[in-house]
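Below is one structure, written out as structure tokens, with a few remarks after it.
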Amino acid sequence: MTAHFAKWGWVSFLSYVAESKVFDVAGFDSIESAKRAKCFNVFVWASEKKDKDETLAHYYEQLNK
Amino acid sequence: MIFKYKGTEYRYPAALEDITLQQRIDFHRRYGIPFDKAVTEAQALEDEAARTLELTDLQLSIACQAFAFFTGIPEEEVKENFSLEQVMNVYNVSLAMLLYSEKELEIREEFEFNNEKWVLAPPSLTPTSEMTFNEFLSGKEIVRQLEALGNGRFESLLYLCCIYLRRPDEAFTEELVEARGDRMELFKNLPLDIALSVGFFLSDSMLTFSKVLASSKKVEEEKARI
């Protein structure tokens, strides 16, 4: 993820968060909703999502061995 | 510090609080950037004598430019009517120290400016922190773009002050970082000691979380073990 930020910047991370629609706020579009979310919550979500993705990838890797 | 020249009183800064953030930005844009570039080129000269001469010449030029800039006396007039000794005395005793030295600044979270109280809303990431993702993103993106444009840290500092230095209980809004907005115009007059204190405080806080997410840190530890 650090490499992603270095290459694409934090603005693309905003898009990534917005596309997930985890932080929808009534009356605002996805981007504005993501911007209004508490920063701590966004980073915890991103961190947990990455952990989950890595765990699943590892699991499927083990299945294919 | 005050002195008289041709019957008129002039002053030059003797402390960081005598310089505004905008003055520092302007000086850096007008003289600092070309000076840094010229110094780099001079240091690359192979001939030692030529290198020494060039660096000395640059030092004298920046001293004259700083004297002219902060007193308001035109540069040509400074060169004609002030001795080298006078200019270098002022530069070495006051201006160089203010412009280039790493000074020990007291790290504070509250400031008095423009007859108001201002507080730092530090970018600390805790479950109780009210900082929005937009606030964090604005800071990162502005600094990234300004660095890409080569505008230097003082211009970034102006934007970071607009984001993180606020009235007590004031929430972040994008209006705070509007170019030529009220906040931006007000903070151009921020004394440099306050601006630098904000910068030091932020660099301490942001290093703890701005570069690495928890999951990325786990990946790095895995790689190190392998």
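Tabulated data
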read-out	value
Filter result for B:Asp18 (in contact with a Pro (Cβ under 8 Å, 6 or more places away or on another chain) and not aliphatic (A, V, I, L, M))	yes
Near pairs, Cβ below 8 angstrom, 6+ apart or cross-chain, from region A:28-52 (within 16 Å of A:Ser15 (Cβ to Cβ) and more than 8 Å from chain B (Cβ to nearest Cβ)) to any residue that is among the acidic types (Asp, Glu) and part of a helix (DSSP H, G or I)	A:Ser30/A:Glu19
Residue count, region B:110-163 (criterion: modelled with pLDDT under 75, more than 12 Å from chain A (Cβ to nearest Cβ) and under 14 Å from the mean Cα position of the chain (by Cα))	5
Qualifying helices (runs of 4 or more DSSP H) (wholly inside region B:1-98; at least 2 residues being surrounded by 11 or more Cβ atoms within 10 Å (Cβ to Cβ), among the charged types (D, E, K, R) and touching a helix residue (DSSP H, G or I) at 6+ places or on another chain (Cβ under 7 Å))	B:48-71, B:75-81
Subset of region B:176-191 [modelled with pLDDT of 90 or more and outside any loop (DSSP other than H, G, I, E, B)]	B:Leu176, B:Asp182, B:Arg183, B:Met184, B:Glu185, B:Leu186, B:Phe187, B:Pro191
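The values are calculated or read from the model by the stated rules, or taken from the named source; none is laboratory data. Since this is a predicted model, take the numbers as computed values, not measurements. Positions of Cβ are generated from backbone atoms using ideal geometry, with glycine treated the same way; all protein chains shown enter the neighbour counts.
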